[in-house]
């Protein structure tokens, strides 16, 4: 059972990513956005699936003591199944695995068995067709708008049509009221409107939030930009 409310699927949500925060003061960083964030996005990198190392279950457990936010854990790992139970016990609410690592249905079912919301991610060059067979098993789809591994990269406009295609598929299959569509990579005030207009409802932003002097104001500015994007013509 999910311990913290993920909110209504399809509703606009801001998910600040701690990847760009000062790792020497993560609890303080969480506090800076606690009043304006809907979710907290935790990037987990194993140094194998992506060329970087970040946090693991012990850090998630420590952060859980400081926050009641929904913890959205993005597992950029070759063998996420080996760690799902540890993340669940540490306080994760949802875990997102990459379709590129394989064993997709098995991993999604494992998430559900552990009481986690099940997410499925795809790299920018992975086609919609790789995600499409699994949509009925997920609670969240993450379309990466940069290649994962490092923060501060530029938004890849060429992924926007895949986001729109995914939103259309969720609507067509009657899944839009239970599956969130997330984008991660290069999201800021300039790019948020395009992502939201294409149909993304969960926006992950790292350097555009924690690279600013007032992270809470940056979070709200990106949210406002996304609202403008959703208000313009485009898929819902």
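Some observations on this one:
- Equivalent-ellipsoid semi-axes of region 155-198, from the Cα gyration tensor, Å, largest first: 21, 10, 8
- For percent of Cα pairs over 21 Å apart, calculated from these coordinates, the label among (1) 54; (2) 61; (3) 50: (3)
- Comparing 63, 18, 108 in a Gaussian network model of the chain (Cα springs below 10 Å), the most mobile by mean-square fluctuation is 63.
- Debye-formula intensities of region 68-192, expressed as log10 I(q)/I(0) at q = 0.09, 0.15, 0.20 Å⁻¹, are -0.23, -0.67, -1.18 (one equal scatterer per alpha-carbon, no solvent).
- Report summary: the helix-based calculation at 222 nm, which adds -39500 (n - 2.57) for every DSSP H run with n ≥ 4 and divides by the residues of the chain, gives -9000 deg cm²/dmol.
- When the alpha carbon gyration tensor of region 91-154 is reduced to an equivalent ellipsoid, its three semi-axes come out at 21, 15, 9 angstrom, largest first.
- Packing around the peptides 175-184, 42-51, 27-36, taken as the average count of other Cβ atoms within 10 Å per residue, puts them in this order, highest first: 175-184, 42-51, 27-36.
- Region 1-86: projected area of the alpha-carbon convex hull, averaged over directions, in nm²: 6.2 nm²
- Convex hull of region 1-50 built on C-alpha atoms - directionally averaged projected area, nm²: 5.2 nm²
- For region 53-105, alpha-carbon Rg over 2.2 N^0.38 Å: 1.13
- Residues considered: 88, 192, 169. Largest GNM mean-square fluctuation over the chain, using C-alpha springs under 10 Å, is found at 169.
- Computed from Cα atoms alone, the Kirkwood hydrodynamic radius reported for region 152-236 is 13.0 Å.
Each value in this text was obtained by applying a stated rule to the coordinates, not by laboratory testing. Not measured: the values here are computed from a predicted model. For neighbour counting, all protein chains shown are included, and Cβ atoms are generated from backbone atoms with ideal geometry for every residue, glycine included.
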